[in-house]
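Below: the structure, in structure tokens.
Read-outs throughout are calculated quantities, based only on the coordinates presented, and are distinct from any laboratory measurement. Quick caveat, the model's predicted, so the values are computed rather than measured. No Cβ is skipped: glycine too gets one built from the backbone with ideal geometry, and neighbour counts run over all protein chains shown.
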Amino acid sequence: MTEAEWIGRARAGDDAAWEALVGAHQAAVFRLAYLLLGDAHEADDVAQEAFLRAGRALDRFDTARPLRPWLLRITANLARNRRRSLGRYLAALERLWRSEPRPAPAPPELSAAQADARDLWRAVQRLGQNEQQVIYLRYFLELSEAEMAGALAIPPGTVKSRLHRALQRLRGVILSEFPSLHEELADG
Amino acid sequence: MADRARTGGTSDERLEAWVRLTARGFPYPPTPDLASRRRAGALAPRAEPRARLAWALAAGIVALAALLAVPQTRAALINVLQIGVVRIFLASPTPPLTATPGPTPTLLPPCPASPAAPPWTRRGAQSPSPSACPLTRPTWASRTTSSCRTWMTQP
């Protein structure tokens with residue numbers, strides 16, 4: 001069964017079809033939210049909200065297009081709003097003033113590759129929002145340029161130029177602020 | 001890194017390949033199972049918190065306006081809130097007061113007995129009277145045509 005057929009069944013009220021679609025895309029949605037927000041709890045909230053909104057707007061979705069870019073666009077918008085919103089700071093304050101703070105999970109032992117990836121993420125976070133988003137979509141979530149165009153609602157040519165500019169900015173950040181990554185980059 | 005891809009090409013292509021390979025190792029937290037949460041009803045459509053707040057606010061305003069449209073309710077509310085309330089108390093009539101004069105206060109202290117005071121300063125008595133006190137004649141009085149005496153009497 002194709003994705004369009006699943007969507008058609010979900011529109012007709014088939015809960016199992018919608019659950020199947022959620023299951024197929026929840027990892028990408030959650031991961032993009034986590035990359036943009038840097039907090040698993042907030043990413044969870046945003047991912048849940050993204051599927052809620054998508055479910056409500058499913059009737060308006062063009063089934064000739066793939067679903068994932070559309071879901072990721074909703075997710076990115078929600079994450080951006082979340083970053084700006086007052087609620088995020090209130091939630092952080094609530095956590096701070098909680099009488100019994102949750103014990104912080106012990107930082108997991110990272111392999112060298114994971115540590116490099118985390119440093120790369122920190123370097124990407126130094127870029128502007130649009131540049132972050134293209135790098136996350138292209139290299140972390142491995143979307144094609146056509147999918148990126150759908151997710152960002154921009155022409156494919158603009159995707160290329162934005163990606164190129166983001167990589168140049170990233171190179172500058174790595175050179176100036178992440179010497180360990182620079183060595184890895186030079187070795188690679 | 002041993003598993004690092006050795007790529008040729010231009011500097012930009014090498015950077016792109018390195019970023020792609022490095023990003024693959026990113027330690028994501030475990031993805032929550034949103035599909036099963038939906039089965040449990042957590043993903044059922046619900047009103048937005050902001051929309052709910054707006055509806056509650058609008059309902060409150062409408063209810064308040066409806067209450068204030070009734071004059072009795074409005075008066076009771078104003079009475080409770082004590083906004084612009086003027087209370088008028090009617091007192092029972094009382095008999096008119098009759099004035100009883102008290103002792104007249106002495107405005108001037110009694111004159112001290114002065115042995116050096118000349119006899120003409122007294123009016124018919126050797127001791128100073130509280131009803132009349134002599135005042136010392138000022139120096140300019142000697143230059144006046146007729147002598148004068150100044151007496152102050154109590155009212």
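Legend: calculated FRET efficiency, A:Ala186 to B:Asp12, from the Cβ-Cβ distance at R0 = 25 Å, rounded to 0.05, equals 0.95. Taking 0.36 nm per residue of separation and subtracting the Cα-Cα distance, full extension of the segment from A:Ala64 to A:Asn130 would add 21.1 nm. For chain A, the longest principal axis of the alpha carbon atoms and the long axis of helix A:112-125 meet at an angle near 80°.
Computed from the C-beta positions of A:Asp15 and B:Tyr28 and an R0 of 25 Å, the FRET efficiency is 0.35 to the nearest 0.05.
Any chance you could run the full-extension gain for B:Leu97 through B:Ile61? It's 0.36 nm times the residue separation minus the Cα-Cα distance, nm to one decimal.
Residue separation times 0.36 nm, minus the Cα-Cα distance, leaves 7.2 nm.
Computed from the C-beta positions of B:Ala54 and A:Leu110 and an R0 of 45 Å, the FRET efficiency is 0.50 to the nearest 0.05.
When the GluC sites (Glu not before Pro) in segment A:130-165 are filtered for DSSP coil states and for at most 12 other beta-carbon atoms within 10 Å of their beta-carbon, the remaining sites are A:Glu142. Over all pairs of different C-alpha atoms, segment A:107-188 has a mean inverse distance whose reciprocal, the Kirkwood radius, equals 13.5 Å. Residues within the reach of a label modelled at A:Asn77 (point 7 angstrom out along Cα to beta-carbon, backbone nitrogen below 16 Å), restricted to segment A:123-161, are A:149-154. Computed from phi, the 3J(HN,Hα) profile of segment A:34-41 under the Karplus parametrisation 6.51, -1.76, 1.60 (θ = phi - 60°) reads 5, 4, 7, 9, x, 9, 5, 5 Hz, with x in place of Gly and Pro.
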